[in-house]
1. Compute the angle between helix 110-122 and the longest alpha-carbon principal axis of the chain, please, reported from 0 to 90 degrees and rounded to the nearest 10.
2. Springs between alpha-carbon pairs under 10 angstrom, Gaussian network model over the chain: which of 23, 158, 129 fluctuates most?
3. Calculated FRET efficiency, residue 129 and residue 10, Cβ-Cβ r, R0 35 Å, to nearest 0.05?
4. Can you give the FRET efficiency to the nearest 0.05 for residue 102 and residue 74, using r as the Cβ-Cβ distance and R₀ = 25 Å?
5. Taking the chain as a Gaussian network, where each spring joins two C-alpha atoms under 10 Å apart, which residue of 124, 89, 133 fluctuates the most?
6. Which part of segment 103-130 falls in the paramagnetic zone of residue 63, meaning amide N under 12 Å from the point 7 Å along Cα-to-beta-carbon?
7. If the elastic network links every pair of Cα atoms under 10 Å, which of 132, 80, 91 fluctuates the most in the Gaussian network model of the chain?
8. As I understand it, the value is the acute angle between the Cα axis of helix 38-57 and the longest principal axis of the Cα atoms of the chain; what does it come to in degrees, rounded to 10?
């Protein structure tokens, strides 16, 4: 009996292929649209659809919890409040004043936590133009899952549009976008 390959090799070693697919899935979820070859688009589509359906399934699986947080007290300008303190040997130094605050936070249930970890294995960490980290999993559970939950369909969250041959090597190009 002949064994059928599970995925396209795309002319790359396993590590290179996985890194390329992870990068393209991340770009697709971040920007909503990418242009790539048709074979790559078909592989990325399968991964992206599975990630989105996982996010939709676990979208509301959390509970709100009160958490006590100890943090620096801030003044009106947003600067930390300090006080002058004497040490045991008589030297003076500035100490930041702390305050204890109770906040409401979302605590993931075990299955949502597992889904978050599975998603994080299939996408890269992303930094914005300001240098701060963008939480793509939060975007998935929030914006993207909210967008597709009302559709009620299973799968079909992405669309491949053929864009014609590439000029250099005549490879079939495609545009992959979130619907």
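Just so you know, all these numbers are worked out from the coordinates, no wet-lab data involved. In this text the structure is predicted, and so the values were computed from the model without any measurement. Note that each Cβ is placed from the backbone with ideal geometry, even for glycine, and that neighbours are counted across all protein chains shown.
1. 60 degrees
2. Per the Cα network of the chain with a 10 Å cutoff, 129 tops the list.
3. Values: r = 30 Å, r/R0 = 0.86.
The computed FRET efficiency comes out at 0.70.
4. Values: r = 17 Å, r/R0 = 0.67.
It comes to 0.90.
5. 89
6. Taking a point 7 Å out along Cα→Cβ of residue 63, the residues of segment 103-130 whose backbone N falls under 12 Å are 107-110.
7. Judging by the Gaussian network model, the answer is 91.
8. Its long axis makes an angle of about 50 degrees.
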